[in-house]
1. Of the options Thr50, Asn69, Gln18, report the single residue whose Cα projects farthest towards the positive end of the charge dipole of the range 1-130 (beta-carbon charges: Lys, Arg +1; Asp, Glu -1).
2. Rg over Rh of the range 97-146, using C-alpha atoms and the Kirkwood radius, what does it come to?
3. What share of all Cα pairs of the range 120-169, in percent, falls into each consecutive 5 Å distance bin?
4. Could you give the accessible area per residue of the range 1-153, probe 1.4 Å, as a whole number in Å²?
5. Could you give me the ³J(HN,Hα) list for the range 50-58, computed from phi with Karplus coefficients 6.51, -1.76, 1.60 and θ = phi - 60°, whole Hz, x at Gly and Pro?
6. So for the pair Ile180, Glu23, with labels modelled 7 Å out along Cα→Cβ, what separation do we get in nm?
7. Strictly over 18 Å apart at the Cα level, which of Lys25/Lys144; Lys101/Lys127; Lys65/Lys87; Lys25/Lys132 would you flag in this model?
8. Which whole-number percent is the relative contact order of the range 1-86 (Cα, under 8 Å, 6+ apart)?
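The values are calculated or read from the model by the stated rules, or taken from the named source; none is laboratory data. On a predicted model such as this, the values are computed, not experimentally measured, just so you know. Heads up, the Cβs are rebuilt from the backbone with ideal geometry, glycines too, and the neighbour counts pull from every protein chain shown. These area figures cover heavy atoms from the full protein model, side chains too; ligands, DNA and RNA do not enter into them. Shrake-Rupley method; radii C 1.70, N 1.55, O 1.52, S 1.80 Å.
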Amino acid sequence: MDTKANKPRVTLLHYLVQEAESEHKQVLLFADDLVDTLTAAARLSIDALTSELNQLAASVNQIDKQLENASTNVQESFEKFVKIAKKDVKKLKDLLDKILKLKKTIIQHFCENDKSFKIEEFLGIFKSFCEKVQQCRQENAQRKLQEEKAEKRRKEREALIALKKKAPEKYAPEDDDVCIVDKLLGDIKKGGFKLRHSSSVKRKVSTKKERSTTAKSRVLSTSSGGSLQSVPELPSTNTN
């Protein structure tokens, strides 16, 4: 059910729910009818229910035996209670036996392993499936609403483009509506705006050249005379 479609956040279950809603909407009502019951049933354990019922039956039998040796007043006070308790315990055992029979039927129908199969896990899977069906219904409705809004915006945009083509002078953008950066970039592309270097950049380049020339003159003077002599610096060149 998690198989992805060519649309984002759409699975095979989304598609099946969409088709069911368009063809047989009443088919999806099972999710609303069963999700609460399955949630409660998935929390119960057959082993725990069997253990609790056996303890309850043992307690009732123990009280019944104790009443045999009790006084007449005590027997009359608890006799009715014990009878009702025995009937209730028998009803619970019958219901538990019915659940165990249904469990065997499910195991045979779904070809499950009798030793490892747990009815609460089985019910939990169906509970999750019902919740996913409900979730897919909600997401399909939201996506349909978004697609309708997008289609409406697309038609409005196409209609506006058609009007601009018919009467371009009427829908020409004003200067205030044009971004300054876009305008400058347009002028540069057309060649109507030339970039110029600042005077400070030129002065930095000239200063570097003068320092390089002075250093070379000192090295040459040292290598020829054997001793370091002062070499007059070259006059600076006015770049302005």
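1. Asn69
2. With Rh from the inverse mean 1/r over Cα pairs, Rg/Rh is 1.26.
3. In whole percents, the pair-distance histogram is 4, 17, 11, 10, 11, 8, 8, 7, 6, 5, 4, 3, 2, 1, 0.
4. Accessible surface, normalised per residue, equals 78 Å².
5. Per residue, the Karplus-derived 3J(HN,Hα) values read 5, 5, 5, 5, 5, 5, 5, 5, 5 Hz.
6. About 6.2 nm separates the two model spin labels.
7. Lys101/Lys127
8. Computed over the range 1-86, the figure is 14 percent.
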